[in-house]
Amino acid sequence: MSAHPEEQFAMEQAWQMLADGSEYAFTQIFDHYRDKVYSVAWHFLRSSAPAEEIVQDVFLKIWLKRQDLRTVRHPENYLFILARNLLLDHLKSMSHETAARKHWPFSSTVIDDSDHRLRQSECEELLSEALEQLPQRQKEVYLMARTQGLSHEIIAGELQLSRLTVKKHMAEALKFLRKYLSQYLTGLFL
């Protein structure tokens, strides 16, 4: 689904103008890509409020980092990679929220939202699948840090590893999880 040559040229010019700080160019880019970013976010999150939040975050980051666009060869790819990363961060946040709720004493006050629970369950399942594929030590380090909230220093002491080794295991685990989860998002951007 490629754009018409005139439209593509106009967008290329808009990206260049945005890099120079043009608010008008920003508005053009926002108008052109907003619905695409929203539909991808909504398709994955199945909720309009979080999807709209992703759209706002994407374009806020684009505006704040507009000077960086001078060095970006494919601004549209940059935009969708930024959106993908924000979606992954949102999923991670949902995962942390779920873990925190298990320890929250007022869990009976949670509002019944079956659609939210279904999305949450799907996200947890996807993250669980990814975690099962991690090497055992990386999985231990990740779970200790993310679900138990332990620092790298404490994990190092408990597992009898150096803090640097714990940091390396955590970095490798996060790298794998991002790559694994992005497989499910990449197709949505095309």
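Below are the figures for this structure:
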read-out: All-pairs Cα distance distribution in segment 1-90, expressed in whole percent, bin size 10 Å; value: 17, 50, 29, 4
read-out: FRET efficiency, Leu159 to Asn85 (Cβ-Cβ, R0 22 Å, nearest 0.05); value: 0.15
read-out: Residue-wise HN-Hα coupling along segment 163-177, computed from phi with Karplus coefficients 6.51, -1.76, 1.60 (Hz; x: Gly, Pro); value: 4, 5, 5, 4, 4, 5, 4, 5, 4, 5, 5, 5, 4, 5, 4
read-out: Förster radius 30 Å - calculated FRET efficiency between Leu174 and Lys61 (Cβ-Cβ, nearest 0.05); value: 0.90
read-out: Using a Förster distance of 25 Å, the FRET efficiency for Ser182-Val72 (Cβ separation, nearest 0.05); value: 0.85
read-out: Residue-normalised accessible area of segment 136-182, expressed per residue, 1.4 Å probe, Å²; value: 62 Å²
read-out: Residues of type lysines that Lys167 reaches as a straight line, Cα spacing below 20 Å, ignoring anything fewer than 8 places off in the same chain; value: Lys92, Lys139, Lys175, Lys179
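The values are calculated or read from the model by the stated rules, or taken from the named source; none is laboratory data. All figures in this text were calculated on a predicted structure; none of them were measured in a lab. We place every Cβ from the backbone using ideal geometry, glycine too, and count neighbours over all the protein chains shown. These accessible areas exclude ligands, DNA and RNA; they are computed on the full protein's heavy atoms, side chains included. Shrake-Rupley method; radii C 1.70, N 1.55, O 1.52, S 1.80 Å.
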